[in-house]
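Reading through the structure tokens given below for one structure.
The values are calculated or read from the model by the stated rules, or taken from the named source; none is laboratory data. Please read all numbers here as calculations on a predicted model, not as lab measurements. Cβ: placed from backbone, ideal geometry, glycine included. Neighbour counts: every protein chain shown. Accessible surface areas use protein heavy atoms only, side chains included; no ligands, DNA or RNA. Shrake-Rupley method; radii C 1.70, N 1.55, O 1.52, S 1.80 Å.
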Amino acid sequence: MVLENTEMLIGDRKIIFRSAGESDAEALLTYLKVIAGETPYLLREPEEAVISLETEKAFIREKESSGRELVLLAFENGRHIGNCSISSSGNFSRYAHRCSIAIALYQKYCRIGIGRKMLELVLEIAKNAGYEQAELEVAASNYAAIRLYEKLGFQKYGTMPDNMKYKDGTYEDVFWMMKKL
């Protein structure tokens, strides 16, 4: 799915949202490595962000050609500051009503309302694309994200114990959350 520039004023910040294009691939690979090092709440370690440029471009092309999937980017003053995505939960008709949502921002852009606006926009797009429920996974100790998701209507429906194992040998539970659209 392709989304043209959508401008929002968040506080005193002018934020532009748009879908990812192939020309964003290199910046997205850098972003993936940086944010993986900024927070323990994502799936991979920075050194595990080893996607090739061509693989990333193919991923973006696949999302652009999809009528129901999206990689939404946020920009401030032309600088990429975060992503939020909609992914189908499966290719079978019994799963066509479900989508997965994922979001991450560079840490310096967290807790100022940008993530909330991205999520609100993505949830509206998902509903308009025919999804009936949005799902996500969140680290149990990511309290700020959990509060935001709950404010947006997501509810916890399950816990996956010891879902992630960190380099220091500790584990992190993950909550499965869902919102009816």
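Do the conditions hold for residue 131, that is, is it touching a residue at least 60 places away in the same chain (Cβ under 8 Å) and surrounded by 12 or more Cβ atoms within 10 Å (Cβ to Cβ)? Considered against the rule, which asks whether it is touching a residue at least 60 places away in the same chain (Cβ under 8 Å) and surrounded by 12 or more Cβ atoms within 10 Å (Cβ to Cβ), residue 131 comes out as yes.
Restricting the stretch 64-93 to residues that are of a type in the set (S, T, N, Q) and outside any strand (DSSP E or B), the residue that is nearest to residue 128 (Cα to Cα) is 66. In summary, residue 54 fulfils each of the numbered conditions (1) open to solvent by 70 Å² or more (accessible area, probe 1.4 Å); (2) of a type outside the set (Ser, Thr, Tyr); (3) touching a Phe, Trp or Tyr at 6+ places or on another chain (Cβ under 8 Å) with the single exception of condition (3).
Screening the stretch 1-37 for residues that are in contact (Cβ under 8 Å) with a residue 24 or more places away in the chain and of a type in the set (Lys, Arg) and picking the one that is farthest from residue 57 (Cα to Cα) gives 13. Only residues that are touching a helix residue (DSSP H, G or I) at 6+ places or on another chain (Cβ under 9 Å) and in a loop (DSSP other than H, G, I, E, B) were counted across the stretch 142-172, and they come to 3. Do we find that residue 59 is open to solvent by less than 80 Å² (accessible area, probe 1.4 Å), more than 27 Å from residue 171 (Cβ to Cβ) and under 15 Å from the mean Cα position of the chain (by Cα) in this structure? For residue 59, the condition - open to solvent by less than 80 Å² (accessible area, probe 1.4 Å), more than 27 Å from residue 171 (Cβ to Cβ) and under 15 Å from the mean Cα position of the chain (by Cα) - is not met.
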